[in-house]
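Here is the structure we will look at.
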Amino acid sequence: MSTSDPVKFVAGRSLWQDAFRRLLRNRMAVVGAIVTLLLACIAIFAEWVVPVDPTYQELHHRFGVPGQVHDTTPERLFLVEGERTSFPPLRYRGKGTRHFRFLVQQRIATGVHVHLSARSKKVRKIQLTRIDSLPESVERIEVRGDREVFRHGKGEEEVTVLDKEIVLGEKLDDVFLPLLSRASRGRQKLVLNQVVRAETNQTLTFDLESDQTVRGLRIDNQTVATYDLVGRLVQEVRRDGKPFQHRHLLGQDMHGRDLFSRLVFGARISFLIGVVATLVSLFIGVFYGAVAGWVGGRVDSFMMRVVDILYGIPYMFLVIILMTSFGRDVRVMFIALGAVQWLTMARIVRGQVLSLKEKEYIEAARASGGGGFWILTRHLIPNTLGVIAVYTTLTIPSVILQESFLSFLGLSPEWQGQPLESWGALTWNGIQALGTGQNWWLLVFPAMTLAITLFSMNFLGDGLRDAFDPQMKGRT
């Protein structure tokens, strides 16, 4: 090579570029990053993802199996011409106007008195009682428990009844015996608060705009200003001429709520608690460890002894004490979980600062007149961001798991007195509803979602740890 040949310079790579290249070669870390990012986006845009409001209850479709499709027939609905509806299933995202057609029946509240023989429990007499008429004797009565809640006359005992009939001269079905034994106290008489459907039908039609505004409210082609479903039974609902149906991908819970929608909104709660509590621990641990490492001497020794003492206290016991003392508000949980997670972060940052403060560029910063706070914030802490990022990624799943454990203990977070159902709370509800094993989806799907999230974030954290390892520098 002659002296006249131009010198070729090879561009180097920074530590961050080198770490990023190593991270991309770690397949499990990349998969974990994709899954974590996808779940975070779903949690952020939950309103646009869920098919139905997670609080909407369909009591006549309790414990719906995964993949079930059924007609949506609301039991409570109040519509006002020109105003927005608050009924969750009628909401939709899109442009244009939707046309709805309801076939409804007027319902008349009727009490049912069933007289039985003393020993055989056969029906001797069936009477229908109404406030506005005399008692009427009938030979049979249809009991629709899938839509009505039956309570005996004086108590609050509930019985699940699905399409049963009480027939004169036949033995009473065993499903009614709990009501009989508790209500009558020895008297062979059964009292039900029954609802009998009338024979007349009404057709309700209206248009729903994209902003949920009701237009063109009509009953049997007659314009009305308001309409209330109280006292009426919806037989059929059509939207744009097609049956109005919902598919429950992951099934329904004990109150008929869509489990997929609840999992999506539960992701928002779990991620929020994990991220905010981690940021609290990050703020405390980084500055505590940085100050201890920078000052050194007796101050460093004293501050680390405080950390050692706090390490000796069972952290979950401390969290439970804080939450039982100050309430289950979600803000208390942020502080409680963050207050026990900063200890390891403080030790890690302290060790990094102790090794960095002897470097030449720190000596140059001191010689140029830089103060301690300026050196900490401009040189030392920025050069520990790699380690901080790794530990942050590993702390978030740890906090989510701790919150799930607290939900198992009945300490689920609340906001303004209302419980916030995270993945941990949904898993606990699934365990309670498991029963004989028939409602397995209420436990399996929340537990699988929680496990996949924890695995993904731990894979990402392990990948970041390997990528920022100085011994791996230059290996791609």
**Q.** Two-site label geometry, residue 125 and residue 20: point separation in nm, points 7 Å out along Cα→Cβ
**A.** 8.7
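Fewest first, what order do 311, 288 take by the number of other Cβ atoms within 10 Å?
311, 288
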Q. Can you sort 374, 428, 440 so the residue with the fewest Cβ neighbours within 10 Å comes first?
A. 374, 440, 428
Q.
If I take all pairs of Cα atoms in segment 199-284, what percentage of them are more than 19 Å from each other?
A. 66
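Once fully extended, how much extra length lies between residue 415 and residue 225, figured as 0.36 nm per residue of separation less the alpha-carbon to alpha-carbon distance?
Between residue 415 and residue 225, full extension yields an extra 64.7 nm.
If each residue of separation counts as 0.36 nm, what is the full-extension length gain between residue 302 and residue 364 once their alpha-carbon separation is subtracted?
Working: separation 62, 0.36 × 62 = 22.32 nm, distance 2.87 nm.
Roughly 19.4 nm would be gained on extension.
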Q) What's the center-to-center distance, using Cα atoms, between segment 368-445 and segment 315-348 in Å? A) 11
Q) Hey, what does the equivalent ellipsoid look like for segment 331-476, semi-axes from the Cα gyration tensor as sqrt of 5 times each eigenvalue, largest first, whole Å? A) 43, 19, 9
(Q) Explain nothing, just compute: Karplus ³J(HN,Hα) = 6.51 cos²θ - 1.76 cosθ + 1.60, θ = phi - 60°, for every residue of segment 28-37 in order, whole Hz, x for Gly and Pro. (A) 5, 5, 5, 4, x, 5, 5, 5, 5, 5
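Can you put 304, 345 in order of Cβ neighbours within 10 angstrom, beginning with the fewest? Numbers along the way, then the final one.
Working: 304 17, 345 24.
Taking fewest neighbouring Cβ atoms as first place, the list is 304, 345.
Every read-out reported here was derived from the displayed coordinates using simple, explicitly stated rules and does not represent laboratory data. No experiment lies behind these values; they were computed from the predicted model shown. Cβ sites come from the backbone with ideal geometry, for glycine too, and all protein chains shown count toward neighbours.
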